[in-house]
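We did not get these values from a lab; they are worked out from the coordinates using the rules stated. Everything numeric here is computed off the predicted structure, so don't read it as measured data. Cβ placement follows ideal geometry from the backbone for every residue including glycine, while neighbour counts extend to all protein chains displayed.
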Amino acid sequence: MRVKKRLFIGLLSAAVGLILILLIFITYLMINWDQPINRIILLIVCLLIIVILGVISSGIAGIVLTIWSARTIPSLRHSMRVTLNLLFPVALMLGRILGISQERIRGSFIEVNNQLVRARREVFAADQILVLAPHCLQNAECPYKITLHADNCKRCGKCQVSELLSLRDRYGINLSFATGGTLARRFVQIYKPRAIIAIACERDLASGIQDTNPLPVLGILNERPHGPCFNTRVNLLKVEEAVLYFLKSVPVSKG
Ligand code: SF4
């Protein structure tokens, strides 16, 4: 496991520790409270927390085992998903308190997500795959609008839009360029993909992965040599590798 993945898993474990402390505190109150009605309410809260703790603990165990073995555990898939959705905001909050950058935590979450998706080893037809790319990959001076029709691009080669279109044509997959989350969600509704390869910054990728849950999403971070949202780039080899992965489900190293 790389350090990156450990960061998010460590924060998830810390969140479980906090919930455990809360449970001990409520149990203490319950034992020492005089009024029976309040004790009953606290007992119900305790039982609820125990159920949540059980789901989260099995989810974290599932995540660690899946990453370690590079094989998914179908019986724990649901609790893994609940754990990721429930504890992601808690991990961000803990990170803020501990002075860990939100970008690093989101990056770690994306790494964990990618590993879990790869462990599923699912294979899809080309037309079931959608590559969702950010509009900022387009050269800022280009006059052609590619968000509604990617083929408006004249393939002049001044930005990577032309290469992504070639990749689309080579494999027969779907490709769209979105200006933000709303348009990205619209493309998902239009194409109804069964697998997504999303290219974006840490923040958009993390929220996109959660929005499209339970669809498998392989997230690829964009490169920002000129700052955010301006003439960004992407490692095309990583995009092609992700396409081939979904097409053939090629085994990958644990990384
Ligand atoms: S490759 Fe396409 S999108 Fe990029 S600058 Fe040229 S015409 Fe515009």
* Asked: When the dipole is taken about the Cα centre of the range 126-248, and only Lys, Arg (+1) and Asp, Glu (-1) are charged at their Cβ, what size is it in debye, to the nearest 20?
  -> 180 debye
* Euclidean distance of C-alpha centroids, the range 106-151 and the range 173-210, integer Å -> 6 Å
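Sequence gap at least 6, Cα distance under 8 Å: using those rules, report the relative contact order of the chain to the nearest whole percent. Don't skip to the end; give the middle numbers.
Details: 351 pairs, mean separation 52.4, N = 255.
RCO, the chain: 21 percent.
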* Asked: In debye, nearest 20: dipole of the chain around its Cα centre with unit charges on the Cβ of K, R (+) and D, E (-)?
  -> 380 debye
* Structure fact -> Relative contact order in percent for the range 50-109 (Cα pairs under 8 Å, 6+ apart) equals 29 percent
* Asked: Once you sort the root eigenvalues of the Cα gyration tensor of the range 126-248 as a ≥ b ≥ c, which label holds: rounded (a/c under 1.5), prolate (a/b larger than b/c) or oblate (the other case)?
  -> rounded
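Take each uninterrupted DSSP H stretch in the chain, measure its Cα extent along the helix axis, and return the ones at 24 Å or beyond whose mean Kyte-Doolittle hydropathy is at least 1.6. If you can, show how the numbers build up before the last one.
Numbers: long enough: 3-32 (43 Å, 1.92); 36-69 (49 Å, 2.31); 77-98 (29 Å, 0.93); 102-120 (27 Å, -0.76).
In the chain, the long hydrophobic H runs are 3-32, 36-69.
Name the shape class, rounded, prolate or oblate, that the alpha-carbon gyration tensor gives for the range 3-119, where a ≥ b ≥ c are the square roots of its eigenvalues, rounded holds for a/c under 1.5, and otherwise prolate holds if a/b is larger than b/c and oblate otherwise.
Details: a/c = 3.46, a/b = 1.79, b/c = 1.93.
Oblate is the answer for the range 3-119, as a/c is 1.5 or above yet b/c matches or exceeds a/b.
Give me ILE24, ILE19 sorted ascending by neighbouring Cβ count inside 10 Å, so fewest comes first.
Numbers: ILE24 11, ILE19 18.
Final ranking by Cβ density, sparse to dense: ILE24, ILE19.
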* Structure fact -> Rg/Rh of the chain (Cα atoms, Kirkwood Rh), to two decimals, equals 1.07
